[in-house]
Amino acid sequence: MEASGSANGCALQLEDLGVEGGISKEGLRQLLAVQVDHGHNLGLVAAEDAASVSSCREEQEEEDDEPGRMDYDIRDTFKDSRRTVKNFLDVHQKMILALSYGLEYGSYAVFIDNNACDKELLRTDEQWGIMLGGHYYMHHAMNPDLQSIRNGIVMVHECEGYTMGKSGGLATAKRLSMEFSAHYPTLHRVVKFYNAGMFMNITLSTFKRFLPKQFRDKFEIGMGLPNRLDTYFLVPTPEEAQHRTYLRLVENLKVRYENEATFSL
């Protein structure tokens with residue numbers, strides 16, 4: 001499968017950014033690059049241009065409903081993916097900070113604010129359906145073509161401010177891992193946790209026990225940054241940043257389903 005399409009826009013001003021935790025300034029610059037053309041056109045632009053994104057054509061295709069392949073009524077169609085991703089981002093606001101392509105790894109990266117996880121939004125099976133469906137299609141968007149599938153995905157977590165009381169702690173992490181992470185077939189290149197405090201370290205220590213060894217061995221914990229990740233991505237406003245993320249997810253999903261439809265050995 002080959003990727004096609006593009007998503008342009010937000011990028012960061014990192015001229016004075018100091019970096020701790022063993023990752024080079026240039027490596028961070030590349031990893032945080034948000035201008036995306038499926039691996040072919042990467043770059044940083046001025047922060048004031050962050051609101052400009054390519055228009056993502058969302059054709060109102062009338063796909064036939066397919067029977068659910070998983071619990072929570074995930075239909076695995078482009079039409080369903082748009083609806084599910086929009087619902088996920090609306091409910092769990094500011095959780096997904098960005099989707100980007102990182103030159104350092106040759107992989108798609110998703111940036112997640114763990115502090116945005118709220119157990120009050122995860123009390124019913126319907127609410128869990130939103131969370132798990134969102135993760136399902138987010139991983140589809142990170143694996144839109146064979147090259148990205150082979151290279152593996154990058155997950156970057158912001159952990160500052162995380163508390164077990166707000167997020168649901170171990171119970172939330174266990175359910176997410178047992179009902180999704182341990183079953184979705186994907187290669188993880190690296191999973192980074194920035195600004196992890198005591199509560200996050202406790203959660204991660206327990207969370208890792210429910211994951212396959214090849215997944216938990218990719219964890220990198222204990223790195224710090226001068227500022228929280230959301231200060232780099234939620235520009236010029238959180239609302240515009242969320243819409244930008246939605247467009248990028250949908251565009252990658254469109255590529256994914258087009259490639260699935262045309263792929264042959």
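Each reported figure results from applying straightforward, stated rules to the coordinates on display, with no laboratory input. Source: prediction; values computed, not measured. All Cβ positions, glycine included, derive from the backbone under ideal geometry; neighbour counts span all protein chains shown.
Once the Cβ-Cβ distance between Ser205 and Thr124 is put in as r, and R0 is 41 Å, what FRET efficiency do you end up with, to the nearest 0.05?
Plugging the Cβ-Cβ distance into 1/(1 + (r/R0)^6) gives 0.90.
Roughly speaking, what is the centre-to-centre gap between the stretch 127-204 and the stretch 211-238 when only Cα atoms are used, to the nearest Å?
What the calculation gives is 11 Å, centre to centre.
Under 11 Å from the Cβ of Ala109, count the other residues' Cβ atoms, weight Lys and Arg +1, Asp and Glu -1, and hand me the total.
Net charge in that neighbourhood comes out at +1.
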